[in-house]
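Asks: What follows is a single structure, and I will ask about it in a moment.
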Amino acid sequence: MKRDDIFRALDLDDENPGAFAGGWIDTGGDRLVVENPAHAAPIGSVRRAESGDYEAVIGSALDTYIEWRMLPPPERGQYVRRIANGLREYKAPLGSLVSLEMGKIKAEGEGEVQEMIDIADFAVGLSRQLYGLTIASERPRHRMYEQWHPLGPIGVITSFNFPVAVWAWNAMIAAVCGDTLVWKPSSKTPLTAIAVTKIAAQVMGGSGFEGVFNLVIGGGATIGDTLINDRRLPLISATGSCGMGEKVGTAVAKRLGRSLLELGGNNAIIVLDDADPDLVIRAALFAAVGTAGQRCTSLRRLIVQRGISDRAAKGLVDAYSQVRIGDPLDDSTVMGPLIDGRAVETFSAAVGIAAEQGGDVLCGGNVIEGSGHYVEPTIIKMPADAPILGVETFAPILYLIE
C-alpha cells in the first residue's frame, strides 16, 4: 500500500490532533513532523498536546472510570471484542502504517496487529474469569471471599519499536478489569497511536464510554514527566530503555504508585557441539536481524563451543549475505531501516568500540549510503571479556563469542 492509501484507509490527515479525551481535541502545541525511516522523508505531522490538553485527557479518564468500573466485566469484554473485530478489519492498512512509520518489514507490521487481536481475544475470555477465592471461616454459616476491584485510570507509555502491540497488551486487559487508559506513545511513532485510537473510538462512540481509551502526544519529556508524577494515575506501565525504566520506576515509587516496566535486554544463545547447525543459523538470524535488531528480545550474543565456532561463523556469514535490505513495504525485504539517524550513529559507534576492544568484524559493520537509515547486519567475533558485551545496542549487531 502507498502512503496516501494507508492514510485514507485509517482516516489520517496530513496534520493530526495529538490528544483524545473521549473526543479529539484541537491541540494548540507545536507541530511534530513524522518521518518515514526508509526514506528519511516526512509522511505527516501531529499537533502536540499542551498542559491544558493533558488535563482534559486525565479528566476524561477519571470521569469515565466512575461508570466504566460499574459495568459488569463480561459487558466490558464485549467492547473489547468489538475492538478486536475492528483491528481485524483494518489489519492490512494498520500493519502497513507500522512499517511506514517505524520501519519493520510488512510481515512484522501485520504480525504486530495480529498480536493486538490475539490479546483482545484473550481479554474477552478473561472478562468471564475474574474469579475470587471463597475462604472457610470458623464462624457458623459464614464465608469470606475475594473481590477484585479496578485500580483507576492507568498510564501507558509505549516505545517506537512495538508502537501498537504494547498498548494492546496493557489496554485490553485493563479495560476488562474496569480501568480506563491514558496512552502516551513514542514521539517517533505517533501516527500509529492515532490510527488505533480512531479504531477504538469507532467502537466506543455513542456508548457513553468514549473516555475509556484516551491519548496524549506531547512535546519532549514534559508530558511524560507529568504523567509519571501524576497521583491520579495509580499505575504506570512503561516500555523502553533501562534508563527510562529507572526514571519511571523511581518517580512512581516516590508517590507510592505501582509500575509495570518492560525494559532492555542483552540476550544470548549458548550453542554446544551437538546442536543442529541449521537450526542454530535460522534461530540466530531471525533473533538478531528481525526488526533490524531493535527489540529488547533481540539476540546480541552468540556463545559457541570452541570446536564448532568456525563452522557456525561461516554458516552465519553465508546466511547474512542473503539478507535483503530495503523498503519495509516491499514483500521481498527481510530487514528494514533503523528508526532514525541517531540510531545509525549508535550502531557505528558500537562497531568502532568493538574493534577497539579486540573485535573482528566477520561481515557487515557499515552504514548503507543513500536515503533512509539503513545499516548492514553485522557479526563481530569478540573476546569473552570485552566490556561492549555488557551493553545493549539497539541495532543488528551480533557478537560471536567462543
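The values are calculated or read from the model by the stated rules, or taken from the named source; none is laboratory data. Note that the structure is a prediction, hence the values are computed from the model and not measured. Reconstructed Cβ throughout: ideal geometry from the backbone, glycine too, with neighbour counts over all protein chains shown. The accessibility values were calculated without ligands, DNA or RNA, using every heavy atom of the protein model including side chains. Shrake-Rupley method; radii C 1.70, N 1.55, O 1.52, S 1.80 Å.
Asks: Considering only residues that are over 26 Å from residue 374 (Cβ atoms), of a type in the set (A, V, I, L, M) and crowded, with 20+ Cβ neighbours inside 10 Å, which ones fall in segment 1-52?
Replies: Scanning segment 1-52 gives 19, 21, 25, 49.
Asks: Could I ask something else about it? Assess whether residue 287 counts as being within 31 Å of the chain's Cα centre (by Cα), more than 25 Å from residue 333 (Cα to Cα), among the small types (Gly, Ala, Ser) and at pLDDT 95 or above.
Replies: Considered against the rule, which asks whether it is within 31 Å of the chain's Cα centre (by Cα), more than 25 Å from residue 333 (Cα to Cα), among the small types (Gly, Ala, Ser) and at pLDDT 95 or above, residue 287 comes out as no.
Asks: Every residue in segment 114-134 that is touching a residue at least 40 places away in the same chain (Cβ under 8 Å), in a helix (DSSP H, G or I) and among the aliphatic types (A, V, I, L, M), please.
Replies: 116, 119, 120, 123, 124, 126
Asks: Report every pair of residues separated by at least 6 positions or lying on different chains whose Cβ atoms are under 9 Å apart, first residue within segment 263-288 and of a type in the set (Phe, Trp, Tyr), second surrounded by 17 or more Cβ atoms within 10 Å (Cβ to Cβ).
Replies: 286/299
Asks: Against the definition (in contact with a helix residue (DSSP H, G or I) (Cβ under 8 Å, 6 or more places away or on another chain), open to solvent by less than 10 Å² (accessible area, probe 1.4 Å) and either over 14 Å from residue 239 (Cα atoms) or free of Cβ contacts under 8 Å to residues at least 12 places away in the same chain (or both)), how does residue 176 come out, yes or no?
Replies: Yes; evaluated as a whole, the condition is true for this residue.
Asks: In the set 100, 62, which member is open to solvent by 40 Å² or more (accessible area, probe 1.4 Å), in contact with a Lys or Arg (Cβ under 7 Å, 6 or more places away or on another chain) and either at pLDDT 95 or above or farther than 17 Å from residue 188 by Cβ (or both)?
Replies: 62
Yes/no per residue for (1) touching a helix residue (DSSP H, G or I) at 6+ places or on another chain (Cβ under 9 Å); (2) touching a residue at least 40 places away in the same chain (Cβ under 8 Å):
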{"site": "1", "(1), (2)": "yes, yes"}
{"site": "11", "(1), (2)": "yes, yes"}
{"site": "18", "(1), (2)": "yes, yes"}
{"site": "34", "(1), (2)": "yes, yes"}
{"site": "39", "(1), (2)": "no, yes"}
{"site": "42", "(1), (2)": "no, no"}
{"site": "68", "(1), (2)": "yes, yes"}
{"site": "73", "(1), (2)": "yes, yes"}
{"site": "76", "(1), (2)": "yes, yes"}
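Asks: Moving on to the next point. What do you reckon, is residue 200 aliphatic (A, V, I, L, M) and open to solvent by 20 Å² or more (accessible area, probe 1.4 Å)?
Replies: In short, no.
Asks: Pull up segment 232-261, narrow it to residues that are under 22 Å from residue 61 (Cβ atoms) and among the charged types (D, E, K, R), then point me to the one that is least open to solvent (accessible area, probe 1.4 Å).
Replies: The extreme case among them is 255.
Asks: Of all residues in segment 137-146, which are touching a strand residue (DSSP E or B) at 6+ places or on another chain (Cβ under 7 Å) and either part of a helix (DSSP H, G or I) or open to solvent by less than 90 Å² (accessible area, probe 1.4 Å) (or both)?
Replies: 137, 144 - these are the residues of segment 137-146 that are touching a strand residue (DSSP E or B) at 6+ places or on another chain (Cβ under 7 Å) and either part of a helix (DSSP H, G or I) or open to solvent by less than 90 Å² (accessible area, probe 1.4 Å) (or both).
Asks: Output yes when any residue across segment 154-161 is more than 29 Å from residue 338 (Cα to Cα) and over 19 Å from the mean Cα position of the chain (by Cα), and no when none is.
Replies: For segment 154-161, residues more than 29 Å from residue 338 (Cα to Cα) and over 19 Å from the mean Cα position of the chain (by Cα): absent.
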